[in-house]
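Read through the structure below, which is laid out as structure tokens, and then see the notes.
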Amino acid sequence: MRVQLPPCSQRGHGGSLFEDPYVFNAAHYPILDLIETHGYIFSTMSINKSVPALVEAAEKAREQSNPRFSHFRVGAAIEVESGEIYSAFNIESSSYGLSMCAERIALWKAVTAGESKFREIAIVSDAFDFCPPCGACRQVLYELAGDIDVCMRNRNGIVKKKKLSSLLPEAFTVKTLHDVQEDPFGRRD
Ligand SMILES: [Zn+2]
């Protein structure tokens, strides 16, 4: 079943769209496979699924977050091939630029645990809307985890999934780095 929802611009923060019991039922944490096109969101209406463990882990991490400056809590959880989940929250420094996103901390936890094959990352935040990974996280995730699924859950419990490659098209990767005819400094591989 596909349901046409109002344009994004008319939705607002937690507006009437998600109060429609057919679309949103807080008791069941609806998991919708959303397709966004031309300002509309379409849903395959796969509601009433239980909350995936990955999203739940991200949510638990978000609850533990205590960003001292932005007060914007983010939780992320990344699932590896074995099914193991690594979660983290954002950490801020008084030297703002040294603050770190939840997504990259979760990834680095997995990498330092010896993981190298990844399936999916879930991201939740305090925002009413979906919280996509920032540009830096997209780059690092793509390089270390590959074209994984990115699962974003908004404050109304609605989940949207996208491939990382759709969030970072034409990514710069190590492949690009090695695609050199001649080293400008005269070095060869
Ligand atoms: Zn980030």
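Every read-out reported here was derived from the displayed coordinates using simple, explicitly stated rules and does not represent laboratory data. Fair warning: this is a prediction, and the values are worked out from it, not measured in the lab. Note that each Cβ is placed from the backbone with ideal geometry, even for glycine, and that neighbours are counted across all protein chains shown.
Between beta-carbons, use under 9 Å as the cut-off and find the net charge around D126, counting Lys and Arg +1, Asp and Glu -1.
After counting each charged neighbour, the total is +3.
Taking Cα pairs under 8 Å and at least six residues apart, what relative contact order does the stretch 53-175 come out at, in percent?
On the way: 264 pairs, mean separation 26.0, N = 123.
Computed over the stretch 53-175, the figure is 21 percent.
Which trypsin sites (Lys or Arg not before Pro) from the stretch 87-133 combine a DSSP loop assignment with at most 13 other Cβ atoms within 10 Å?
Filter output for the stretch 87-133: K117.
Below 22 Å, Cα to Cα, which lysines can K175 reach? Residues fewer than 8 away in the same chain don't count.
Excluding near neighbours in sequence, the set is K117, K163.
Starting from the stretch 84-180, pick out the chymotrypsin sites (Phe, Trp or Tyr not before Pro) whose DSSP state is loop and whose Cβ has at most 14 other Cβ atoms within 10 Å.
Counting only loop positions with at most 14 other Cβ atoms within 10 Å, the chymotrypsin sites (Phe, Trp or Tyr not before Pro) in the stretch 84-180 are F172.
Identify the GluC sites (Glu not before Pro) of the stretch 63-142 meeting these criteria: DSSP loop state and at most 10 other C-beta atoms within 10 Å of the C-beta.
Within the stretch 63-142, the qualifying GluC sites (Glu not before Pro) (loop, at most 10 other Cβ atoms within 10 Å) are E81.
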